[in-house]
Structures are given as structure tokens and as C-alpha cells.
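Peer 1: What follows is a structure written as C-alpha cells; I'll ask about it next.
Just so it is clear, none of the values below were taken in a lab; they were calculated from the coordinates. All values reported here derive from a predicted model rather than from experimental measurement. Cβ placement follows ideal geometry from the backbone for every residue including glycine, while neighbour counts extend to all protein chains displayed.
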Amino acid sequence: MSQQMNEPSKQLYIQTVGCQMNILDSEMVVASLRKEGYSLTLDPASADAILFNTCSVREHAEEKAYNNVLRLKQLKLANPDLVIGVMGCMAQKDQQRVFDRVPFVDLVVGPGQLHKIPEFIERARQGERHQLAVSLSRRDGSADEIKRSHETFDPLRDPQMRPTPFQAYLRIQIGCDKFCTYCIVPMTRGPEQGRSPERILEEAKILAQQGAKEITLLGQTVNSYKWVDGDRTTRLADLLEMLHPIEGIERIKFVTNYPKDMTRDLLETVRDLPKCMPYLHVPAQSGSDVQLKRMKRGYTTADYYAMMDRIGEIMPGAAVSSDFIVGFCGETEEDFQETVEMVKRCRFKNSFVFQYSVRPGTKGAEILEDDIPEEVKHRRNLDLLAVQNQISLEDNLRFLGKTVSILVEGPSKWSVRKGQTGDLRQMTGRTPCDRIVVWDGNMRQTGEILPVEITDAYAFTMLGRVQTQEMVSGRSQLAQPDALSLVNLTTKQ
Ligand code: SAH
Ligand code: SF4
Ligand code: F3S
């Protein structure tokens, strides 16, 4: 199947939606297809193969995916050799139904079967239609068989596929066993399984050799990570200790955290390892105990507040962000107000707010009524965001005049929108606690870690000015490597 000499390269167009898991999966698939002679194109009309990496977490994301695929009908009619594939969580969830809804799709591949894609594309090019590869559903086999059917596909990496080559995701866990009543992920991604510490370490070293400075460990409940080998148990804190010495890696983050497993020893490890960033994404989902119970989240608001206190005590100045679902079944105005209270009390760095979307196949869809009108969901969404944005703004304003260390990601969205060209651009990067900063800079700063003084602040972004070497050495506390960390700067207030 390897590319013949002189054969023009085949073009692949890939569209990715959903969470970091999908971004990483696309990176793997692109790497495997490059080996078969494909190169990436941004123009579907010039592609030989088009892949949609899909998400099922909310209905809206699925409808959009179907519409995007349906829109290719003309292209497929004009070029019957064009291969069209649907991969990811919607492929796993809908399986054969994808072909029923869009008959011109050639392949449907779930996230546990991605290694099959190169072969399927080749077979589709030979004329084979409707190839399907999905993992076993959660009732269709023994625990081991189900686990094996959700294979990871992680050794192949393609730095060019990443938004930035110096930032990489590293999967440490697949699947989820929490079964929150609203959530489809345990069905699309299968049982929770940790990857072996040896494989994770090996992959982290490869990423560092490829130039990754920042590694984000991925898992649906990443801090529940556990690997048992004989009498040795490895947890997330142990993994962080293992990865920390790797040369070249300067920042380590991990998402998404499950509140119940945010243990004291994990927080102390994060505090004590300078490369671990003081940023924790720990979705609360609701501030009402009644709702948390209906969601089957496995903790109470008191547990969550106790966790926030633990974080505040062990890692003062750390940023915490959250997800919330508004309009979940039975949510009263009082329940919602309790969520508002939680946001005010916890002062999250930011919150992602989602309107409940009923997902067939979940317990929520089966036993609870989706009884909150759309306009109420929408209003609560806006109200909660307004409260959060005010907090984000106030907390960002506290950075005015301070100098923070920034990993430079590249030109800002504004710069791209404005079509700025050349070396001088508005650049963007993130503080250790994941706040976004933009400044008038230079493309050559991309991938560097620089001291930036904050000159203005909004709810989502801060503006800054890069400190020159002389400015930095003029301030003795900034000459010490640790003093560049935001935690140290903020806790000194
Ligand atoms: N594993 C992560 C979340 C994965 S899904 C965790 O447990 O935190 C990302 C977010 O989507 C969730 O945190 C939740 O806020 C939201 N979400 C999940 N299912 C949803 C649904 N049916 N409707 C609306 N939002 C949903
Ligand atoms: Fe979904 Fe809950 Fe698992 Fe997160 S922990 S992926 S919300 S079931
Ligand atoms: Fe979506 Fe699947 Fe991620 S449902 S949120 S892409 S795990």
C-alpha cells in the first residue's frame, strides 16, 4: 500500500470537532495516512479522501456533522472516486445508521478502531462500499472483549497536525466508567482503561524529541488514572513524577479531572513539581445537590467545596475552571440559583456552560424527562455566563502590571482574521494558569517561553508587552526561574 515513486501525493481533507481526544485521534489518523502517501489539503474540492471526526456529546454537534457530510453530495457525484468517511464518537454511536442517513458515505469507523482507516480508504478506492468498524457496545461481550475492542492507536504521531508542534496531547486513559446519566461518552469511548506507564513515558520522550515543550495528559477522568502491575499501582501523581525529568518538556498539564479524585497527594505533587502548571479543569456540572444526584455525579456540593478548599490551601493562586450543564431534567429556578452561587463562591477562571441535550442511549434519556423549555435553558446559559464573565474580568484585572511567563502559541485569532502577514504580528500565548495573553510581537517568538507584562485585561484575554532582557534582569526576583511562575507572583500580593 505504500506510495509508488513519482505517484502524485493523494490529498486528505479532515474536519475535527469535539474534545481533545478527537483532536489527538485526528493527529494519529493523519500520521497513519501520511505513511500511505497522503498530504493534507484545506480544500475539500481537491481531496481524494474526506474524513469527518465527529462528536456525540450534544445533538447539535451531530446534526451539524450530518449536514456537513450531506453537503458533499455534489462533490461525490462529480467524482465517484472520492472517499468519504465518518469517524469518531458519532460513528460508534450511530454505526449502520450513518449509511442509512447518508448512503454515499464509504466508511464508518469508531474511535476504538481507527487503525483500520488506511486499509478501509484503500479498499474504498478499489470500489468497496459501506465498510464499518466499530467497537463492541457495553452489553455485547465479556468485560475483556469489550475493552479489547476499544483499542488505542497512539504510537503514531504527527507534529504537523497539531495546532502548534510544541504543544502535544498525550493520552493516558481511554473510556469512562462513571456513567453520568446525561452523558454518551461511556458508550462511545467504552470502558475506562489506563495505558501502561512505560508506554506513556516512551511516548512522552518521543514527543519531547519532536520538540514538544508542553504536554497535556488526557483522560475523561484523568485524575482517576490507575495502572496496576502485580503489587505496583501507578496513579496520576506517580506518572507526573515519572514524566517530570524529561528534558525539553517545560510544562505539564492534565485534563479532565473528576472532583472526587482530586486528592491531597495529587495536589501536593502538582505543587511540588515546577513543570506542573497551576491550572485544574474540574467540572462541577451543577451547584445543586438534587441535580448532582440526578446526574449521578457521585459527589455532593459539600464535597466539591471541600475540594476547592483543598486546592486553595495546597496550591494558593491556582486557577480552576469548570463545566456546567443548565436545564438538566427537573432543574428548578432554585437549583439554578445554587449553580450561580457556586460560580460566585468558587470564582472559576472560566466555565464552559452547556444546555442539556438529551442523548438516546443514556440513563437520562431512559428514565428522566427533558422537561426544561429551550428558552429557559438558553436564558440560564446566558445568565450563568454573565456571572462567570464578570468574575473572569475581575480576576484578570488583578494581573495588571504583573509579569507572567507565557508559552507563545503563535499569531492571535485577531491577527489571522485581519490577515496580518510578515514577522510583526499580534501574538498569543498562555500563562501557567492557562490565561490567554496577546501582544504586539514577532512570529519568531513562537514556541518560546517569554516574560510578558500585563497592560490591560478583559474577561477572556489579557493584553501585554514582552519584557526585554534588560527589563527582566533589572528585577531581581524575575532572574530566579521559579519567580516567573504566575503562582509565585500572585501569592505575593
Ligand atoms: N469527562 C469530562 C467531560 C466530557 S464531556 C468530565 O467528566 O468532566 C464535556 C462536557 O460536556 C461535560 O463536562 C458536560 O458539561 C457536557 N455534556 C456532556 N453531556 C452533555 C449533554 N447530554 N448535554 C449537554 N452537555 C453535556
Ligand atoms: Fe461523561 Fe461523566 Fe464520564 Fe465525564 S465522567 S465522560 S461527564 S460519564
Ligand atoms: Fe465528543 Fe466523543 Fe469527546 S462524544 S466530547 S468527541 S469523547
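Peer 1: Looking at the calculated P(r) for region 187-346, what percent of the C-alpha pair distances fall above 21 Å?
Peer 2: Summing the P(r) of region 187-346 above 21 Å gives 51 percent of all pairs.
Peer 1: Let me ask another. Pull up the DSSP beta bridges for region 162-268 and report the antiparallel fraction as a percent, rounded to 5.
Peer 2: Percent antiparallel among DSSP bridges in region 162-268 is about 40.
Peer 1: A further question on this structure: Can you list the cysteines of the chain that have no other Cys Cβ under 4.7 Å away?
Peer 2: Singleton cysteines: C19, C55, C89, C176, C276, C329, C346, C433.
Peer 1: Related question: Rounding to the nearest 20 debye, state how big the charge dipole of the chain is about its Cα centre with +1 on each Lys and Arg Cβ and -1 on each Asp and Glu Cβ.
Peer 2: Dipole size: approximately 520 debye.
Peer 1: Using the alpha carbon gyration tensor of region 166-281, what are the three equivalent-ellipsoid semi-axes (square root of 5 times each eigenvalue), largest first, in whole Å?
Peer 2: 23, 16, 15
Peer 1: While we're here: Cα extents of region 336-395 along the three principal axes, largest first, in whole Å?
Peer 2: 41, 21, 16
Peer 1: Please report how far the C-alpha centroid of region 324-370 lies from that of region 120-174, rounded to the nearest whole angstrom.
Peer 2: 31 Å
Peer 1: List the relative contact order of region 10-140 as a percent without decimals, with contacts defined as Cα pairs under 8 Å and 6+ residues apart.
Peer 2: 23 percent
Peer 1: Now for a separate question. For region 448-463, in order, what is each residue's ³J(HN,Hα) by Karplus, 6.51 cos²θ - 1.76 cosθ + 1.60 with θ = phi - 60°, in whole Hz (x at glycine and Pro)?
Peer 2: 8, 10, 10, x, 10, 8, 7, 10, 7, 9, 10, 5, 9, 9, 10, 9
Peer 1: Shifting gears a bit: Residues with amide H under 5 Å of H281's amide H, sequence separation 5 or more or different chain, H placed in the peptide plane at 1.01 Å from N; which?
Peer 2: For H281, the qualifying residues are N257, S321.
Peer 1: Could I ask something else about it? Taking N as the number of residues in the chain, what value does Rg over Cα atoms divided by 2.2 N^0.38 Å take?
Peer 2: Compactness ratio reported: 1.00.
Peer 1: Also: For region 344-431, go through all pairs of different Cα atoms, get the mean of 1/r, take its inverse, and jot down that Kirkwood value in Å.
Peer 2: 17.0 Å is the Kirkwood radius here.
Peer 1: Something else: Show the residues, 5+ positions off or on another chain, whose built amide H is closer than 5 Å to the amide H of G287.
Peer 2: Under 5 Å from the amide H of G287: T339.
Peer 1: Using a Debye calculation, one point per C-alpha and no hydration shell, please list log10 I(q)/I(0) for region 89-200 at q = 0.12, 0.18, 0.19 Å⁻¹ in order.
Peer 2: Values, matching the q order: -0.51, -1.04, -1.11.
Peer 1: Still on this structure: Apply the Karplus parameterisation 6.51 cos²θ - 1.76 cosθ + 1.60, with θ equal to phi minus 60°, to every residue of region 130-141 and state each ³J(HN,Hα) to the nearest whole Hz, in sequence, with x for glycine and proline.
Peer 2: My calculation for region 130-141 gives 6, 8, 10, 9, 9, 7, 5, 6, 6, 10, 9, x Hz in order.
Peer 1: Consider all pairwise Cα distances in region 10-140 and report the whole-number % of them above 17 Å.
Peer 2: Taking all Cα-Cα pairs of region 10-140, the fraction more than 17 Å apart is 53 percent.
Peer 1: Let me ask another. Given the pairs K275/K418; K344/K377; K64/K178, which span a C-alpha to C-alpha distance of over 23 angstrom in this model?
Peer 2: Checking Cα-Cα distances, K275/K418; K64/K178 exceed 23 Å.
Peer 1: Rounded if a/c is under 1.5, else prolate if a/b beats b/c, else oblate: with a ≥ b ≥ c from the C-alpha gyration tensor eigenvalues square-rooted, which is region 398-443?
Peer 2: Cα axes put region 398-443 in the prolate bin.
Peer 1: Among S415, F399, Q388, which residue has its Cα positioned farthest towards the positive end of the charge dipole of region 379-418, with +1 placed on the Cβ of Lys and Arg, -1 on the Cβ of Asp and Glu, and the dipole taken about the Cα centre?
Peer 2: Going by the charge dipole, the pick is S415.
Peer 1: Evaluate the relative contact order of the chain (contact order divided by residue number), counting alpha-carbon pairs under 8 angstrom at least 6 apart; express in whole percent.
Peer 2: 9 percent
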